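What follows is calculated from the coordinates using simple rules that are stated; it is not laboratory data. Everything numeric in this text was worked out from a predicted model, so none of it was measured. Positions of Cβ are generated from backbone atoms using ideal geometry, with glycine treated the same way; all protein chains shown enter the neighbour counts.
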Amino acid sequence: MAISPIYAVRETAQNLWRNVLLTAATVITIGVSLWLFGGFFLFNYAVGNATARWEGGIEFVVWMNPDASPAQDAAIRTTLDESPEIRDWTYVDQDQAYEEFKVLFADTPELIAAVPAEKLPPSYRVVPTDPNADVVRELSNQFKGRPGVRSVVSADETIRAIQTQADKIGIVFFTGSVILLGAATLLILTNIVSAIKSRSEEIEIMKVVGATNWFIRIPFMIEGLTQAVMGALGAWGGLWALDRWVIRGFNDTNSLALLDGFQVTSSEFMQTSLMVLGISVLVSVIGSAVAVTRYLDA
Amino acid sequence: MIKLENVTKVYKGDVVALRDATIDIAKGEFVFLVGASGSGKSTFIKLLNREEIPETGTIYMAGKDIGSLGSWKVPYLRRNIGYIFQDFKLLRKKTVYENVAFALEVIGKPRQVIRKQVPAILELVGLSSKVENFPDQLSGGEQQRVSIARAFVNRPLILLADEPTGNLDPQTSVGIMRLLDRINRTGTTVVMATHDRGIVDTMRRRVIELDRGVIVRDQARGVYE
């Protein structure tokens, strides 16, 4: 039996309004928990983007001039191969650098169009045998000022500290959001149970006159879904603000050159938004399903 | 229309509410269920509405064993059964019209059907002038008429009434019984549990008497005792 949309909307609105304070508390809790959850992913993406070149134990990068001669290039390679303190190195040519550049600046196509691949410097990414900061500094100094070398940048302790702190903050965000999502699920359940109890006489009449179980359940389930989606919309707004004013702020101020590339791409933001929406639906389905099966069908 | 074969219902604590009941009620009959409090009248009615399921025995409605119905089919069974409560169970925040329309709305009837059937049934029960009133603005008798309108608006084959005059004065009760009699004359089977000796003795319809869950009397055109 089809449920009239007007009936479903009217009953859902009445249920939400009947417990408006509890509804507000539920929506806020869902919003905050999903914001924390989404924030965890946005920060992870941003930190990942900013420190991508330092993944895999890479401790310093030797940037070459784009017009360095083959002999200058070969001299650097020889030093890298012969040094017992270097475990491994990778050469990133101009084409590969351009691919990285395109990913990093996907949100600013005008910049990508303005910078041709041949303008980007190739580089050597070096993994030393000992990641100790003093050893790395000494090793990287060997390459500074050599013919064909543009600059040498090392992943000093700051980068490593940022990665470590970001991991710790991420765990706190993630744990907090999971706990709050659990609380939000219980709040949805409580809200629906409260609506069921306040409408017990109406429900009794509905059962007596032959309303199907689904007809009775649906307004309560939509109620849970509405709360969760409202929370998700609030969280989405919060994530947009986080991206616009906090994450991009790291780049805009340019005061933390070490965090160059600390940003979230459009597709990463979209993925996070969809995940937040999906989790809100999941939370509402769990909360309302438990409520209607335990308190409505009994 | 209604057939019970050796039906026994036992509640928790081994309380036997109905014991080995066998009865046959034809289409269009008016049946009074009488007996002292706790004799099993309400259980009898709840079994017919599939609110309760018997421990043993079989209940047939229009030839179908309602005990074997899947739970998803029970609402469809109940659309053929009207139910009248002693305490009316009207929704306080809905008007007379809305209370009756509610019974059609929740079984998915289209709005145009509701607009046609509700005024017709309210006219039948004599409440055409009170459609916008709320239950608290009505007398007990009027509230019971709304309850009857709600039970009958979907034109069920069977009307179950659990002491419908229990909260009413004798004069108002007579009006309610006239209305139920009128509904019965349309071919609807009526099963009514009651303590009201005057009504039973006046109407002289079939009487089934229960005593501690056992049918002790089944009398055509019977009296209370």
Between B:ARG92 and A:GLU99, the two model label points (7 Å from Cα along the beta-carbon direction) sit apart by a distance in nm of 7.2 nm
In whole percent, what relative contact order does the stretch A:54-154 give with Cα contacts below 8 Å and a gap of six or more residues? 50 percent
Karplus 3J(HN,Hα) series, Hz, for the stretch A:19-30 with 6.51 cos²θ - 1.76 cosθ + 1.60 (x for Gly, Pro): 10, 4, 5, 5, 4, 4, 4, 5, 4, 5, 4, 5
Quote the FRET efficiency, to the nearest 0.05, computed for B:VAL10 versus B:SER71 with a Förster distance R0 of 35 Å and r equal to the Cβ-Cβ distance. 0.95
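For B:LYS89, what charge total do you get from the other residues with a beta carbon under 10 Å from its beta carbon, if Lys and Arg give +1 and Asp and Glu give -1? Kindly include the intermediate steps, with their values, before the conclusion.
Numbers: positive: B:ARG150; negative: A:GLU201, A:GLU202, A:GLU204, B:ASP87.
Here the count lands on -3.
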Near B:ASN6, within a Cβ-to-Cβ distance under 14 Å, what is the net charge of the other residues, with Lys and Arg +1 and Asp and Glu -1? -2
For A:ALA75 and A:ALA106, what is the calculated FRET efficiency with R₀ set at 35 Å and r taken between the beta-carbons, to the nearest 0.05? 0.50
Computed from every Cα-Cα pair in the stretch A:174-246, P(r) in 5 Å bins starting at 0 and rounded to whole percents is 3, 13, 17, 19, 14, 11, 8, 6, 4, 2, 1, 0
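Expressed as a rounded percentage, what relative contact order does chain B have, with Cα pairs under 8 Å and six or more residues apart?
Values: 422 pairs, mean separation 64.8, N = 225.
After rounding, I find 29 percent.
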Could you pull the Rg and Dmax for the protein assembly as shown, using just the Cα atoms, both in Å? 38.3, 122
Please give me the summed charge of the neighbours of A:ILE192: other residues whose Cβ is under 11 Å from its Cβ, Lys and Arg +1, Asp and Glu -1. +3
Which residue fluctuates most in the GNM of chain A (Cα springs below 10 Å): A:VAL127, A:VAL20, A:VAL62? A:VAL20
Quick one: if you take sqrt(5λ) for each eigenvalue of the C-alpha gyration tensor of the stretch A:76-159, what semi-axes come out, biggest first, whole angstrom? 28, 15, 11
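When Cβ neighbours within 10 Å are restricted to other protein chains, what is their mean count per residue of peptide B:76-85?
Values: counts 3, 1, 5, 4, 1, 3, 2, 5, 1, 3.
What the average comes to for B:76-85 is 3.
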Any idea what the relative contact order of chain A is, in percent, if you count C-alpha pairs under 8 Å spaced at least 6 apart? 35 percent
Give the calculated FRET efficiency between A:ILE171 and A:LEU282 to the nearest 0.05, with a Förster radius of 22 Å applied to their Cβ-Cβ distance. 0.50
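Output the pairs from B:LYS12/B:LYS109; B:LYS64/B:LYS109; B:LYS41/B:LYS130 with a Cα-Cα distance over 30 Å in this structure; if there are none, say none. Write out the running numbers ahead of the final one.
Values: B:LYS12/B:LYS109 39 Å; B:LYS64/B:LYS109 25 Å; B:LYS41/B:LYS130 33 Å.
The answer is B:LYS12/B:LYS109; B:LYS41/B:LYS130.
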Rounded if a/c is under 1.5, else prolate if a/b is larger than b/c, else oblate: which is the stretch B:153-220, with a ≥ b ≥ c the root eigenvalues of its Cα gyration tensor? oblate
Nearest 500 deg cm²/dmol is fine: what mean residue ellipticity at 222 nm does chain A get from its DSSP H runs of n ≥ 4 alone, each adding -39,500 (n - 2.57), divided by its residue count? -23000 deg cm²/dmol
Which aspartates and glutamates, if any, have their Cα less than 15 Å from the Cα of B:LYS3, not counting same-chain residues under 8 positions apart? B:ASP20, B:ASP24, B:GLU29, B:ASP65, B:ASP218
